[in-house]
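Contents: one structure, followed by commentary.
The values are calculated or read from the model by the stated rules, or taken from the named source; none is laboratory data. Note that the structure is a prediction, hence the values are computed from the model and not measured. Cβ placement follows ideal geometry from the backbone for every residue including glycine, while neighbour counts extend to all protein chains displayed. Just the protein is used for accessible areas: all its heavy atoms, side chains included, with ligands, DNA and RNA removed. Shrake-Rupley method; radii C 1.70, N 1.55, O 1.52, S 1.80 Å.
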Amino acid sequence: RYEEARARAERVVALDPKNAAGHVLLGNVLAGLGDVDGAIATLQKATAIAPGRGVLQSMLGAMHARRGDRDAAAAAYAKAVEIEPASVDAQVALGLFRLSTGQVAEAEQALLEARRLAPEDRGMLRALVALYTSSGRADAAEPYLTTLAAGGDADASLRLIDLKLSAGDRKAAEAQLTELASRKEHRVQATLRLAALQFSDGRRDAARAAL
């Protein structure tokens, strides 16, 4: 399948070698085939054709990171933000890369800039949750989890409940699980969690009734 896609992408590039999208397509196919060096070379051609598109630099950064070249990856992610400082996606990509390399303060700086640009962006909210939970600041993650949960994110709702439980607020956790279990799309997982909570509290009848 990838080989067929590679042949099609190569035809696109051959027909229009100055089409950045064609090079991006080919780069993605090469990455799928495991040819990271080829993907990097192809994406570099795309960035040369369309130097004003920060997203191409972010894609290049991801490929450098995949190859293990942290310096080149850092430069590409930073270049994406330099080109498009108002791009939330570029700021989030930079922040997540920095977090992956242990640069927590620098990651937070990029992600908070993304929050300033788009306070409701879900990718940014998830990235901030990842940053704060991985760095032992669960309390700082709570408002972002709350926003995600209010938007219907079941995983955020369950993680928010875990925070309540870790803080010893079992009553609030049970109330949130009960509410979540009333939603059809989250019923099974929330019901199981609710029953487990009630069972651990010694309320076996309530746990059976929940199930």
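To keep it simple, each residue is scored yes or no on (1) within 24 Å of the chain's Cα centre (by Cα); (2) farther than 24 Å from ARG98 by Cβ; (3) open to solvent by 70 Å² or more (accessible area, probe 1.4 Å).
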site: ALA7; (1), (2), (3): no, yes, no
site: VAL13; (1), (2), (3): no, yes, no
site: ALA21; (1), (2), (3): yes, yes, no
site: GLY27; (1), (2), (3): yes, no, no
site: ALA31; (1), (2), (3): yes, no, no
site: VAL36; (1), (2), (3): yes, no, no
site: ILE40; (1), (2), (3): yes, no, no
site: GLY54; (1), (2), (3): yes, no, no
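Looking at the range 165-174, which of its residues are part of a helix (DSSP H, G or I), open to solvent by 20 Å² or more (accessible area, probe 1.4 Å) and not polar (S, T, N, Q)?
Filtering the range 165-174 for residues part of a helix (DSSP H, G or I) gives 165-166, 170-174.
Cutting the leftovers down to open to solvent by 20 Å² or more (accessible area, probe 1.4 Å) gives us 165-166, 170-172, 174.
Across the range 165-174, the qualifying residues are LEU165, ARG170, LYS171, ALA172, GLU174.
Test of understanding: among ALA7, ALA31, ALA90, which residue is touching an Asp or Glu at 6+ places or on another chain (Cβ under 6 Å) and not hydroxyl-bearing (Ser, Thr, Tyr)? Outline the logic, then answer.
Details: ALA7 fails: touching an Asp or Glu at 6+ places or on another chain (Cβ under 6 Å); ALA31 fails: touching an Asp or Glu at 6+ places or on another chain (Cβ under 6 Å).
The match here is ALA90.
Could you tell me which residue of the range 193-211 is least open to solvent (accessible area, probe 1.4 Å), considering only residues that are assigned to a helix (DSSP H, G or I) and without any contact (Cβ under 8 Å) to a residue 12 or more places away in the chain? Give the derivation first.
First, the residues of the range 193-211 that are assigned to a helix (DSSP H, G or I): 193-200, 204-210.
Cutting the leftovers down to without any contact (Cβ under 8 Å) to a residue 12 or more places away in the chain gives us 196, 199-200, 204-206, 209.
On the way: ALA196: 59, PHE199: 111, SER200: 78, ARG204: 131, ASP205: 122, ALA206: 36, ALA209: 85 Å².
Among those that are assigned to a helix (DSSP H, G or I) and without any contact (Cβ under 8 Å) to a residue 12 or more places away in the chain, it is ALA206.
Residue under question is GLN109, and the condition is that it be surrounded by fewer than 16 Cβ atoms within 10 Å (Cβ to Cβ), assigned to a helix (DSSP H, G or I), in contact with a helix residue (DSSP H, G or I) (Cβ under 9 Å, 6 or more places away or on another chain) and of a type outside the set (Phe, Trp, Tyr); does it hold? Break it down stepwise before answering.
On the way: surrounded by fewer than 16 Cβ atoms within 10 Å (Cβ to Cβ): yes; assigned to a helix (DSSP H, G or I): yes; in contact with a helix residue (DSSP H, G or I) (Cβ under 9 Å, 6 or more places away or on another chain): yes; of a type outside the set (Phe, Trp, Tyr): yes.
Yes: the conditions hold for GLN109.
Has the range 152-164 got at least one residue that is farther than 30 Å from VAL104 by Cα and surrounded by fewer than 13 Cβ atoms within 10 Å (Cβ to Cβ)?
Just the residues of the range 152-164 that are farther than 30 Å from VAL104 by Cα, to begin with: none.
The answer is no; no qualifying residue exists.
Based on this model, can you work out whether GLU142 counts as open to solvent by 10 Å² or more (accessible area, probe 1.4 Å), of a type in the set (Asp, Glu) and either at pLDDT 95 or above or within 15 Å of the chain's Cα centre (by Cα) (or both)? I'd like the intermediate steps shown before the answer.
Numbers: open to solvent by 10 Å² or more (accessible area, probe 1.4 Å): yes; of a type in the set (Asp, Glu): yes; either at pLDDT 95 or above or within 15 Å of the chain's Cα centre (by Cα) (or both): no.
Judged against the criteria, GLU142 is not a match.
Does ARG126 meet the test of being within 30 Å of ALA86 (Cα to Cα) and open to solvent by 50 Å² or more (accessible area, probe 1.4 Å)? Write out each step before concluding.
Values: within 30 Å of ALA86 (Cα to Cα): yes; open to solvent by 50 Å² or more (accessible area, probe 1.4 Å): yes.
Here the answer is yes, as ARG126 does meet what is asked.
Just the residues that are of a type outside the set (A, V, I, L, M), in a helix (DSSP H, G or I) and in contact (Cβ under 8 Å) with a residue 12 or more places away in the chain, please, taken from the range 112-132. Break it down into steps so the answer makes sense when it comes.
First pass over the range 112-132, keeping only residues of a type outside the set (A, V, I, L, M): 113, 115-116, 119-123, 126, 132.
Checking the rest, the ones that are also in a helix (DSSP H, G or I) come to 113, 115-116, 122-123, 126, 132.
Hits for the range 112-132 are GLU113, ARG115, ARG122, GLY123, ARG126, TYR132.
Results for (1) hydrophobic (A, V, I, L, M, F, W, C); (2) within 30 Å of PRO119 (Cβ to Cβ); (3) modelled with pLDDT of 95 or more, shown as yes or no for each residue.
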position: GLY27; (1), (2), (3): no, no, yes
position: GLY38; (1), (2), (3): no, no, yes
position: LEU43; (1), (2), (3): yes, no, yes
position: LYS79; (1), (2), (3): no, yes, yes
position: GLU82; (1), (2), (3): no, yes, yes
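Which of the residues spanning the range 175-184 are part of a helix (DSSP H, G or I) and open to solvent by 40 Å² or more (accessible area, probe 1.4 Å)?
Start the filter on the range 175-184 by keeping residues that are part of a helix (DSSP H, G or I), which leaves 175-181, 184.
Once the filter is applied, which keeps residues that are part of a helix (DSSP H, G or I) and open to solvent by 40 Å² or more (accessible area, probe 1.4 Å), the range 175-184 yields ALA175, GLN176, THR178, GLU179, LYS184.
Can you confirm whether the range 89-97 contains a residue that is at positive phi, of a type outside the set (A, V, I, L, M) and modelled with pLDDT of 95 or more?
Checking the range 89-97: not a single residue is at positive phi, of a type outside the set (A, V, I, L, M) and modelled with pLDDT of 95 or more.
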